[in-house]
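Peer 1: Got a structure here, written out as structure tokens. Questions coming.
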Ligand code: NAD
């Protein structure tokens, strides 16, 4: 056995109620006295409640959180952090909120405490994203990796069911792609397999109509394993497709992952050897791609790009945008014809498949 594992640093605190109970101690650990809170939309009120005991150390609140971090938002957030002399950042929200804090940290090197409220997993990665003129740029910089992440599943209970399932599929995509990403190793695969198990169990429980505390814990635990394995393994064909589509056509992030993942896994499954068996076993299915497809139907997950807003007249452009990213490192070589076949299959409603 021979592998490199570039393990990422950071503190993870996991527990129901931990977000409020642990916040002061985590501020102390990093010596934070003047924190810029980043929280927008549906998580702002919750963030204010969580920070009530450290209110004297919240110097300002940035609320203009928008998907995919537009450049104007990044500039506004950076200016606010500078003007208020912030010594740290606290993000409370989904991937868009974490991404806003990251873009401030990229230039300021301020430490981030992240409290995620979806399963996007950005809090575990050193990846930042910025969107300018409908093109999303991403990069890797350890300055944006949160120093502390507090996982508290009570904060995820308010996610609407369809968003919880789509976000769960976003996390599943991290796990599946961690099996073939460029930095893949036995440890990331171990975490990714455990992540798939936890996510599938949690999603089934949440979808079942009477979710338990444990279902929410499993989903969030799976999202943590997904983010941490993906952070080390790195992105491959699936994420390259989703980022290109999201940036160019403003498709919803988590739902795009949910639609694309079974197609990309079906394309790769025959080329990843025993990893396909590991994915299938984690899904509790005889075959990886079929198991993922069945899970999506069982959970009423979106199954076509058209339903997400991509128009038939945009399909050729989508194929061209993704094909322009070739060559993409992938266990099975990818040609422009393959991209066309994958996107065409993902475009149409899949009734009867
Ligand atoms: P999001 O953060 O945009 O949230 C989606 C919606 O859910 C928003 O309206 C938000 O207000 C709401 N919401 C969030 N938490 C909620 C809760 N607990 N209850 C009710 N509503 C809630 O979406 P997302 O899917 O979490 O993140 C997507 C973004 O994250 C994309 O820009 C994506 O590129 C980025 N991302 C980055 C990485 C990375 O490693 N850098 C990884 C994954 C995702």
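Peer 1: Report, for the chain, the % of DSSP beta bridges that are antiparallel, rounded to 5.
Peer 2: Expressed as a percentage, antiparallel bridges in the chain total about 25.
Peer 1: If contacts are Cα pairs under 8 angstrom and at least 6 residues apart, what is the relative contact order of the range 76-131 in percent?
Peer 2: In percent, rounded to a whole number, it is 37.
Peer 1: While we're looking at this one, here's another question. Suppose a student asked you for the relative contact order of the chain, using Cα pairs under 8 Å spaced at least 6 residues apart; what percent would you report?
Peer 2: Over the chain, the number comes to 15 percent.
Peer 1: Need the full-extension length gain, residue 79 to residue 109, defined as separation in residues times 0.36 nm minus the C-alpha distance. One decimal, nm.
Peer 2: Separation in residues times 0.36 nm, less the Cα-Cα distance, equals 9.4 nm.
Peer 1: Compute the distance in nm between two label points, each set 7 Å from the Cα along the Cα-to-Cβ direction, one at residue 271 and one at residue 135.
Peer 2: About 2.7 nm separates the two model spin labels.
Peer 1: List residues of the range 97-129, by number, whose backbone nitrogen lies under 11 Å from a label position 7 Å along Cα→C-beta of residue 48.
Peer 2: Of the residues in the range 97-129, none has backbone N under 11 Å from the label point off residue 48.
Peer 1: In a GNM of the chain with a 10 Å cut-off on Cα contacts, which of 125, 43, 84 has the highest mean-square fluctuation?
Peer 2: Among 125, 43, 84, the largest GNM mean-square fluctuation belongs to 84.
Peer 1: Debye sum, Cα scatterers, the range 1-144, no solvent: what log₁₀ I/I(0) at q = 0.16, 0.17, 0.18, 0.21 1/Å?
Peer 2: Normalising to I(0) and taking log10 leaves -0.80, -0.90, -1.01, -1.38.
Peer 1: Given all pairs of different Cα atoms, what value in angstroms does the Kirkwood hydrodynamic radius of the range 94-194 take?
Peer 2: 14.7
Peer 1: When only C-alpha pairs under 8 Å and at least 6 residues apart count, what is the relative contact order of the range 1-155, in percent?
Peer 2: Here the relative contact order equals 28 percent.
Peer 1: Continuing with this model, one more query. Relative to the longest principal Cα axis of the chain, at what angle does helix 95-108 sit, 0 to 90 degrees, rounded to 10?
Peer 2: On a 0 to 90 degree scale, this one is about 60.
Peer 1: Follow-up question, since we're still on this one. May I ask for the angle, rounded to the nearest 10°, between helix 71-83 and the longest principal axis of the chain, with both axes built from Cα atoms and the value confined to 0 to 90°?
Peer 2: Approximately 20 degrees, to the nearest ten.
Peer 1: Additional query: When the helix-only estimate is applied to the chain (DSSP H runs of n ≥ 4, each -39,500 (n - 2.57), divided by the residue count), what is the mean residue ellipticity at 222 nm, nearest 500 deg cm²/dmol?
Peer 2: Taking each H run of at least 4 residues, the total per residue is -16500 deg cm²/dmol.
Peer 1: Taking the number of other C-beta atoms within 10 Å as the exposure measure, put 14, 179, 27 in order starting with the fewest.
Peer 2: Listing 14, 179, 27 from fewest to most nearby Cβ atoms yields 14, 27, 179.
Peer 1: Compute the Rg/Rh shape ratio of the range 1-43: radius of gyration over Kirkwood radius, all on alpha-carbon atoms.
Peer 2: Using Cα coordinates only, the ratio equals 1.15.
Peer 1: How do 203, 260, 1 rank when sorted from fewest to most other Cβ atoms within 10 Å of their own Cβ?
Peer 2: With the sparsest Cβ surroundings first, the list reads 1, 260, 203.
Peer 1: Roughly how tilted is helix 213-233, in degrees to the nearest 10 and between 0 and 90, from the longest Cα axis of the chain?
Peer 2: Tilt of helix 213-233: around 80 degrees.
Peer 1: On average, how much area does the Cα convex hull of the chain cover when viewed from any direction, in nm²?
Peer 2: It is 16.8 nm².
The numbers here are math on the coordinates, done by the rules we state, and not lab data. Only a predicted model underlies this, so the values are computations on that prediction, with no experimental measurement involved. For neighbour counting, all protein chains shown are included, and Cβ atoms are generated from backbone atoms with ideal geometry for every residue, glycine included.
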